[in-house]
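What follows is a short report on a single structure.
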Amino acid sequence: MSHALRTTLLLGTFWLLVFLAGFYVVHFRMKSTAEALAATDGKLAEELALNQDLVDNLATIQVELARSEREWAARQKFIPADHSAHDIYAYMDNILRGEKTTLNFDFLAGESRDSSGIQFADYTLSGEAKFIDLYSFLWYVEYLPRYFRINSVNMQEASSEKKDETVTDRWVRFKLEITSISNVREGFNDIPSEPENQSAVANYDPFNIPQKAKTSLPPNTRGLPNVFSSMIRALTPTQVYLIDQNGELRVLKLGDEVYLGKLVDIDANANRAIFELSKLQPPRRVPLEVNTGN
């Protein structure tokens with residue numbers, strides 16, 4: 001075999017090996033890497049998805065909380081002179097008579113005790129009701145003038161085969177433990193137990209598991225560091241040394257862009273950097289601390 005032929009065969013074999021190696025890297029390793037990155041991107045998109053149902057519920061609950069706090073600050077409570085089990089049951093029955101309610105419960109009297117003329121009696125109410133009716137009942141117990149101490153409220157959604165229920169349809173099993181307080185000293189008179197015209201909120205459902213709203217994130221076409229898949233190796237008062245989602249070292253200064261936002265603060269004393277992701281809805285600030293692990 002001539003020298004030229006041997007050289008040609010060696011070069012051909014060499015380039016064939018290069019081609020096969022390149023084909024392996026592109027077709028197998030890069031494909032698996034791309035699939036892993038795509039899965040990470042999908043997971044991030046899901047984690048960052050705005051749960052609009054929760055946000056809407058939060059606004060409603062905040063309004064109701066503000067109203068409850070105003071009523072709480074303005075309420076006047078009295079301690080009556082009698083708290084026999086019969087009187088307590090009649091008082092609560094009087095509350096229920098003023099409402100069209102589904103509330104139904106067993107009434108169990110517990111321990112009674114006296115402390116220097118102040119009498120305490122414990123009661124347990126166990127039953128079922130639509131959630132909104134239980135909510136209204138608790139409102140009256142708490143906000144009517146007669147003083148009760150609510151010790152605990154345990155409730156569990158009652159099973160139902162209906163799939164189109166609203167908050168006004170939800171049934172719950174509940175156990176309510178309360179303490180009534182009375183005073184046998186002179187000067188304490190019985191007080192009226194008529195329910196006041198207070199309305200309970202009815203447009204949020206604490207038993208509904210909200211579905212995450214689908215939201216689209218802009219593609220990271222510029223290969224900017226994704227703070228959710230990056231770690232900080234070191235920082236100075238003016239620079240951050242960050243390993244990005246691709247394992248590359250990035251040196252960032254205040255104001256430098258990252259995926260969905262920018263670097264807005266460096267706290268060298270706390271070994272922490274703050275990124276403001278203004279392109280998220282809603283925007284949020286994400287802190288990253290120095291990670292010296294492997």
Inset, instruction - Could you check how many residues of region 143-189 are part of a loop (DSSP other than H, G, I, E, B) and at pLDDT 80 or above? - result: 5
Legend entry - Checklist (1) surrounded by 16 or more Cβ atoms within 10 Å (Cβ to Cβ); (2) modelled with pLDDT of 80 or more applied to P80, failing item: (2)
Legend entry - Cβ-Cβ under 7 Å pairs, at least 6 apart or on other chains, region 239-265 side assigned by TED's automatic domain parsing to the domain that holds L277 and surrounded by 12 or more Cβ atoms within 10 Å (Cβ to Cβ), far side outside any strand (DSSP E or B) and among the hydroxyl-bearing types (S, T, Y): L242/S230; I243/S230; D244/S230; Q245/S229; Q245/S230; G261/S278
Legend entry - Matching residues in region 248-269 - criterion: being out of contact with any Phe, Trp or Tyr (no Cβ under 8 Å at 6 or more places or on another chain), over 13 Å from I232 (Cα atoms) and among the aliphatic types (A, V, I, L, M): L254, L260
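The values are calculated or read from the model by the stated rules, or taken from the named source; none is laboratory data. Keep in mind that what you see is a predicted model, and the values were worked out from it rather than measured. Heads up, the Cβs are rebuilt from the backbone with ideal geometry, glycines too, and the neighbour counts pull from every protein chain shown.
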